[in-house]
Amino acid sequence: MIYGAKLGNPKKSILCKVERKVFTEEEEITFCSESVPGFCSFRYGLSFLVHCCNVITTAQRTCLNLTMVVMVNSTDPHGLPNTSTKKLLDNIKNPVYNWSPDIQGIILSSTFYGFVIIQVPVGYFSGIYSTKKMIGFALCLSSVLSLLIPPAAGIGVAWVIVCRAVQGAAQGIVGTAQFEIYVKWAPPLERGRLTSMSTSGFLLGPFIVLLVTGVICESLGWPMVFYIFGACGCALCLLWFILFYDDPKDHPCISISEKEYITSSLVQQVSSSRQSLPIKAMLKSLPVWAISIGSFTFFWSHIIMTLYTPLFINSTLRVNIKENGFLSSLPYLFAWICGNLVGQLSDFFLTRNILSVIAVRKLFTAAGFLLPAIFGVCLPHLSSSFYGIVIFLILVSATGSFCLGGVLINGLDIAPRYFGFIKACSTLSGMLGGLIASTLTGLILRQDPESAWFKTFILMAAINVTGLIFYLIVAKAEIQDWAKERQHTRL
């Protein structure tokens, strides 16, 4: 059976299985997917599997942020032992180390350096080697290192730093290589749903960590946090190698109808051969620059809200640590919900031909940049309203998830063959934005505490508006000429 798609040639007729009817260019029918499984399909199941991988790796990376509180001896600067029985038993369950603030900072940031260094190599090799093997082995490595962190802490701080740096590199492989999956698994009008479903795992992971880490530390001890998340990652790794295949054509469990639907919808975009990367063309491409600057802008806001939300809550609401942890987790929950809804909404606009692809990308990017800027600027003026601050913090993070249907998947529109490499470069640009944002925010908070939050959110709004203007002017959604060469040779 044939499933058709009109992908770039408006004069090309397509055949629909449902009505066995040929549609012409006057009828803006883009996909005839009613006869294949939708949400309860294998491609959505794989997207959920990637979602779980993102939840686990994010949890493994961020749990140390909270366990560090009980891992470090903050009450006894000289580390003198307490010989009471209760204290000795507690030290067995929760070992305490004399790490200075500088050492703690190095440990916490070590994953960042591993994550950044690996981006470009992974973006390049993900288009050459098996994505299944790259993600599977990286997930396994990250999980094993999570299991090794408690004994490494007992041996010496240097081993913890090494484990965290290598773990960051492994998680960078998982986070970047996964986007190559959608080149062969995501029909063009389902990209928003599939990618938002998987990437929203990056938002759900911190929410779970903030909820359960404190409970585990109190009841079982902080080492169990790493053992639990590490064991979950190892189990998920087995499922990954069993269930995932690089190409739907090779998967033994997918239905024939779904396989034909996916492959026929991507027939003009997926190539089995590999050419050298058109680096010069990419550097000259304004749409690529729009994606990179858009990622820089998105991560600027995202990193500020991730790192400084607990501090903002503490300085304005004056709540205890447990309440702070709960309130800090709420934005992640609503961002996760909003991220999944964004994917559904963006693809709804496309499948019903309400908006073009570029209109959808620009609309959701505009919402993801402007709304957080507006709500963020309002936050410093709500210091007297408990519920107002909580609601607006949720709105800042939740509306930022609109970018999941915009700039963050735009690379799949303009160059599906090179999406992995473009995503790696744009993520590197985003990490640079996050690093600058966190550094400047820290300087502002130290130098001018009274008006620091107002300046921070005003600067965030200015960055968002500037990045949005550039994106709206130069962004494209058509496959670029430098990304078409192989398709021409195949046709």
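The values are calculated or read from the model by the stated rules, or taken from the named source; none is laboratory data. Worth saying up front: this structure is predicted, and the values here are computed from it rather than measured. Note: ideal-geometry Cβ built from the backbone for every residue, glycine included; neighbour counts use all protein chains shown. For the accessible areas, the whole protein counts, side chains as well, though only heavy atoms, and no ligand, DNA or RNA atoms are used. Shrake-Rupley method; radii C 1.70, N 1.55, O 1.52, S 1.80 Å.
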*What does the charge dipole of segment 278-482 about its Cα centre add up to, to the nearest 20 debye, if the Cβ of each Lys and Arg holds +1 and the Cβ of each Asp and Glu holds -1?*
240
*Cross-link pairs Lys132/Lys476; Lys284/Lys423; Lys280/Lys423; Lys423/Lys476; Lys132/Lys284; Lys184/Lys249 - those with Cα-Cα distance over 20 Å*: Lys132/Lys476; Lys132/Lys284
*With a 1.4 Å probe and every protein chain kept in, tell me what percent of the accessible surface of segment 278-482 is carbon plus sulfur.*
72
_Long-range HN-HN contacts of Val72 with modeled amide H, under 5 Å_ = Tyr97
*Can you pull a Stokes-Einstein diffusion coefficient for segment 278-482 at 4 °C (1.567 mPa s), Rh from Kirkwood over Cα pairs, as a whole number of µm²/s?*
74
_I'd like the Karplus ³J(HN,Hα) series for segment 418-435: coefficients 6.51, -1.76, 1.60, θ = phi - 60°, whole numbers in Hz, and an x wherever there's a Gly or Pro._
10, 4, x, 6, 4, 5, 5, 5, 5, 5, 4, 4, x, 5, 4, x, x, 5
*What's the center-to-center distance, using Cα atoms, between segment 417-462 and segment 180-198 in Å?*
28
*So what J values fall out for segment 100-114 if you push phi through Karplus, 6.51 cos²θ - 1.76 cosθ + 1.60 with θ = phi - 60°, rounded to Hz, Gly and Pro as x?*
6, x, 5, 5, 4, x, 5, 4, 5, 8, 5, 5, 4, 5, x
_Neighbour-limited loop hits for trypsin sites (Lys or Arg not before Pro), segment 281-350 (at most 14 other Cβ within 10 Å; DSSP other than H, G, I, E, B)_ = Arg318
*Using the heavy atoms of the protein chains alone and a 1.4 angstrom probe, what is the accessible area of segment 278-482 per residue in square angstrom?*
42
*Once Lys and Arg get +1 and Asp and Glu get -1 on their Cβ, which of Thr309, Leu412, Gly294 lies farthest toward the positive end of the dipole of segment 278-482?*
Leu412
_Taking 0.36 nm per residue of sequence separation and subtracting the Cα-Cα distance, how much length would be gained by fully extending the chain between Ile436 and Lys249, in nm to one decimal?_
62.9 nm
*Short version: ³J(HN,Hα) in whole Hz for each residue of segment 454-459, in order, from phi by Karplus 6.51 cos²θ - 1.76 cosθ + 1.60 (θ = phi - 60°), x for Gly and Pro, what are they?*
4, 5, 4, 6, 5, 5
